[in-house]
Amino acid sequence: GRPHSSSAASCSVGSVSLASELSFLLEPSDVIAVRDRPLLLDCQVQGEEPIMVTWRRNGAPVNSSPRVRVLANGTLFIQNFQKRKEGSDADVGEYECAAQNRYGLLVSRKAKVQMASLPKFHTHPVSMKVDKGGVARFQCQINGVPEANITWERDRVPLSTSDKRYTLLPMGILQVTGVRQVDAGVFRCVATNIANTRYSHDARLNISGKTNIPVKTYKEPVILSGPQNLTLTVHQTAILECIATGNPKPIVSWSRLDGRSIGVEGIQVLGTGNLMISDVSLQHSGVYVCAANRPGTRMRRTALGRLEVQAPPEFLQWPQSVSKPAGGSAVFTCVAQGVPEPHLIWLKNGKVLVPGNNVKLTNNNR
């Protein structure tokens, strides 16, 4: 999932020998569950037996029932995932498992559990009329969990992606360049995920009866649609849209506002001018400029979009176990990095550590 500005990392500390220390072999992962289907959340622990594993959802204990139970290996099993239940909350929420033996208690990461859904389209494609040789653009938007796969149909037949004049961008945009009479028809968007399949409203593409605009007729370059501001996580793919018209046909180019090179690694052009950056890193953050130039001149139009790349929290330094005599001092160090800057939380036996007379947190809780 995408990161939130309140990203947090937690550090658990102990003071026992390594041989008896509890540690996770497998922690629960973020997951998207399907309604009325089984769900398994992992929690495998090693350490001195006996080990008791319990589960919490949104901070409250998960009670065992014929439908929900903890398996022998610590896994939480939900027989049929529910959105709503009589007299209680839904199964969605943040889950964590806690493992305890005679030496202490260890709490897992919080796993976000969502239910797959595909609500109605909130943006439908709109009918348009385009001159021959011009550019057509349709867009649809839908908020699916997980993100829906978008395809297009013309006159109820799946659109062929082999035609180079047709560009399908994953965020629900269809671009048609060099429009011909054969492109006329009724278009619609098809969204599919594990929850459902939905169809958008119809949008008709009409081609005006004019012949191609004579070469001598000059039309200034115009950017029909430029790049949007994007916030992504490292390793995702960024697609910055840029589609332009004009006569003669404008040349689309990309640059960064800060003058730094965009580079070539993982860079690809989709269609006639859309920029795709695969496997984004923190270095890709910046403002991108799309320029539509009239060939052979300095006449151009520009559009800007900001790409912000975030990185989830990760530990650079972990707290180490120590043995100290009564009355002595112990220092635990925990360093994490991420974008935005992570907020560190200390836990003792699974409970948030509160600074007091004999407990001090320094240097941003490190």
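The values are calculated or read from the model by the stated rules, or taken from the named source; none is laboratory data. As the structure is a prediction and not an experimental result, all values here were calculated from the model. FYI the Cβ positions are ideal-geometry reconstructions off the backbone, even for glycines, and counts take in every protein chain you see.
Of all residues in segment 321-334, those that are more than 15 Å from N358 (Cβ to Cβ) have Cβ atoms under 7 Å from Cβ atoms of residues that are exposed (fewer than 10 other Cβ atoms within 10 Å of the Cβ) and not acidic (D, E), 6 or more apart or on another chain, in S321/L18. Note on segment 245-269: residues that are surrounded by fewer than 17 Cβ atoms within 10 Å (Cβ to Cβ) and either in contact (Cβ under 8 Å) with a residue 60 or more places away in the chain or of a type in the set (A, V, I, L, M, F, W, C) (or both) amount to 5. Given the conditions (1) exposed (fewer than 14 other Cβ atoms within 10 Å of the Cβ); (2) modelled with pLDDT under 95; (3) in contact with a strand residue (DSSP E or B) (Cβ under 6 Å, 6 or more places away or on another chain), and given that R180 satisfies all but one, which numbered condition is not satisfied? R180 satisfies all of (1) exposed (fewer than 14 other Cβ atoms within 10 Å of the Cβ); (2) modelled with pLDDT under 95; (3) in contact with a strand residue (DSSP E or B) (Cβ under 6 Å, 6 or more places away or on another chain) except (3). Set side by side, the residues V222, V190, V186 differ, and just one is within 26 Å of the chain's Cα centre (by Cα), part of a strand (DSSP E or B) and not polar (S, T, N, Q), which is V190. Keeping to segment 40-52, report how many residues are farther than 16 Å from A98 by Cβ and crowded, with 20+ Cβ neighbours inside 10 Å. Residues meeting the conditions: 0.
Quick check: anything in segment 117-137 in a loop (DSSP other than H, G, I, E, B), of a type in the set (S, T, Y), exposed (fewer than 15 other Cβ atoms within 10 Å of the Cβ) and touching a residue at least 60 places away in the same chain (Cβ under 8 Å)? Yes, there is a match, as at least one residue in segment 117-137 is in a loop (DSSP other than H, G, I, E, B), of a type in the set (S, T, Y), exposed (fewer than 15 other Cβ atoms within 10 Å of the Cβ) and touching a residue at least 60 places away in the same chain (Cβ under 8 Å). Here is a check on your reading of the model: is Q139 modelled with pLDDT of 95 or more, within 23 Å of the chain's Cα centre (by Cα) and not assigned by TED's automatic domain parsing to the domain that holds M299? Taking the combined requirement at face value, the residue satisfies it.
Just checking, which of V359, V309 is of a type in the set (A, V, I, L, M), without any contact (Cβ under 8 Å) to a residue 12 or more places away in the chain and more than 30 Å from K219 (Cα to Cα)?
Being of a type in the set (A, V, I, L, M), without any contact (Cβ under 8 Å) to a residue 12 or more places away in the chain and more than 30 Å from K219 (Cα to Cα) holds for just one of V359, V309, which is V359.
Quick grid of which residues meet (1) within 24 Å of V269 (Cβ to Cβ); (2) touching a Pro at 6+ places or on another chain (Cβ under 9 Å); (3) free of Cβ contacts under 8 Å to residues at least 60 places away in the same chain:
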| residue | (1), (2), (3) |
| --- | --- |
| A148 | no, no, yes |
| T161 | yes, no, yes |
| R165 | yes, no, yes |
| L169 | yes, no, no |
| I173 | yes, no, no |
| T177 | yes, no, no |
| R198 | no, yes, no |
| H201 | no, yes, no |
| R204 | no, no, no |
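If you go through segment 257-290 and pick out every residue that is at positive phi and in a strand (DSSP E or B), you end up with 1. When segment 81-103 is limited to residues that are surrounded by fewer than 14 Cβ atoms within 10 Å (Cβ to Cβ) and in contact (Cβ under 8 Å) with a residue 40 or more places away in the chain, the one that is nearest to A191 (Cα to Cα) turns out to be K83. When residues of segment 142-177 are filtered for being at pLDDT 95 or above, over 20 Å from K120 (Cα atoms) and outside any strand (DSSP E or B), how many remain? Result for segment 142-177: 1. Condition check for L106 on (1) modelled with pLDDT of 95 or more; (2) surrounded by 15 or more Cβ atoms within 10 Å (Cβ to Cβ): one failure, at (1).
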